1. When the Cα centres of the stretch 1-68 and the stretch 153-217 are compared, how far apart do they sit, in Å?
2. Treating cross-link reach as a plain straight distance, find the aspartates and glutamates whose alpha-carbon is under 17 Å from the alpha-carbon of residue 397, omitting any fewer than eight places away in the same chain.
3. Going by how many other beta carbons lie within 10 Å of each one, how would you line up 252, 99, fewest first?
4. Quickly rank 171-180, 116-125 as a protection proxy: mean count of other C-beta atoms within 10 Å, highest first.
5. Could you list log10 I(q)/I(0) for the stretch 151-229 at q = 0.12, 0.25 Å⁻¹, which the Debye formula gives when each Cα is one point scatterer?
6. Out of the GluC sites (Glu not before Pro) in the stretch 1-70, which ones are loop residues according to DSSP with at most 16 other C-beta atoms within 10 Å?
7. Give me the base-10 log of I(q)/I(0) for the stretch 219-271 at each q in 0.18, 0.23, 0.25 Å⁻¹, Debye formula, one uniform scatterer per Cα, rounded to two decimals.
8. What percent do you get for the relative contact order of the chain when only Cα pairs under 8 Å and 6+ apart count?
Amino acid sequence: PSPRSSVIIIGAGVSGLSAAKVLAENGIGDLLILEASDRIGGRIRKEKFGDVSVELGAGWIAGVGGKESNPVWEIAAKLGLRTCFSDYSNARYNIYDRSGKIFPSGIAADSYKKAVDSAIQKLKGLESNCVEDATNRTDFTLTPKTPIELAIDFILHDFEMAEVEPISTYVDFGEREFLVADERGYEYLLYKMAEEFLFTSEGKILDNRLKLNKVVRELQHSRNGVTVRTEDGCVYEADYVILSASIGVLQSDLISFRPPLPRWKTEAIEKCDVMVYTKIFLKFPYKFWPCGPGKEFFIYAHERRGYYTFWQHMENAYPGSNILVVTLTNDESKRVESQSDEETLKEAMVVLRDMFGSDIPDATDILVPRWWNNRFQRCSYSNYPMISNNQVINDIKAPVGRIFFTGEHTSERFNGYVHGGHLAGIDTSKAVLEEMRKDERQNDKQNQNF
Ligand code: FAD
């Protein structure tokens, strides 16, 4: 017979590990974690680049300094994780045009204000259900056209600047953001979390309740339990399953359900937008960019929206590393993922030479993460449409029989963030514990009746 556990957790990212930890703390010793890749961490992932560790996935602890304390910030502080404050507010004063000129601060501030106002106007239009009204208006401020307008539009929308609409993370936890710049990586936080309930030795998890390289392909569920089948032909049984695969994975055909998921569930999953967000790292023999105060972030204004728009130098995080990071999103991310890294490097160099002149050195190394083409991710994070109602997220989160869903995409207030994943994991495991208690009560009643 196949091994049976009380709960199988699918995925060892922040939400899966948080869920498992709460279960373990509540006496569920016979849990099992099945992770498709060869490591824990999921979308929290460091990689060596040059002499430093760079974060390919989550980089910031967002939401710090407010009235409530961000739980991820608390854990990071306890572990002494090295972080750097990021001040995006100056980025708007470092906007370069294609001839390398910086837009005067007056023009930049003006364009910024216009873009914020029109985004707010558009949002109001959407909220009052005059969608057509808002999008068909000929008011030019609603449709960014010039390179600087396009660049600002990109920053406002693809980077979720809080000026447009209140973002729960900033409202609840504060508006400050800290970049994790620690050789042990953001993922150290997850390793330490795992260490609290899994057997570890010399920095390695040796507990056989965590199984790596186990790609779940099928969940067969009934009133009595769930049968989990993995790609390598193994079969596991459980009373309950917690599934933490990303919204991108749920939209793909990686995992099939028998019987299939109900329509309300698949429709909700389809309705959620997936964001692809790609940080491309470039290493140089020396610095040629300005590094003084207020210069960490800079923007390239091009007539194509999102074309190598948002840049950051790593001198604050890793002095002397000579690394630049450029962030692409969605279609640009997918385009770059499908071409060779040499091609991407060439494109980035043309952009940098536009901004800083033709005599700058070529990058000596490039790192291009591929979150979209990773079949265990298929996205960077979830993005609920601005006008979606709570029903969509409730349905995405709602269990189907004995299968419970978790992950950042199930966090009503903090979807898209590490703390969203963390809190979702805690929430989901509590819901499963509640269900287990109900089962117990029912069994007790039945036993009494006999
Ligand atoms: P995941 O980390 O994706 O964990 C799910 C796990 O399930 C993965 O390990 C996956 O391998 C596994 N899995 C998938 N399918 C299967 C299967 N079939 N069988 C078994 N296992 C499976 N957040 C911030 O707070 N700040 C940031 O600055 C930030 N920046 C980001 C930048 C990038 C580029 C990306 C990609 C994300 C960023 N995020 C950021 C978001 C943050 O990383 C995520 O919200 C969070 O890590 C998601 O955790 P999770 O547990 O929900 O999912």
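Every number in this text was worked out from the coordinates using simple rules, so none of it is lab data. Predicted model, so just to flag it, every value in this text is computed and none were measured. Reconstructed Cβ throughout: ideal geometry from the backbone, glycine too, with neighbour counts over all protein chains shown.
1. 8
2. Candidates past the 8-residue exclusion: 267, 270, 273, 408, 412, 427, 434, 435.
3. So the ranking, lowest neighbour count to highest, is 99, 252.
4. 171-180, 116-125
5. Reported log10 I(q)/I(0), two decimals: -0.76, -1.17.
6. 68
7. Log10 of I(q)/I(0), two decimals: -0.65, -1.02, -1.15.
8. 24
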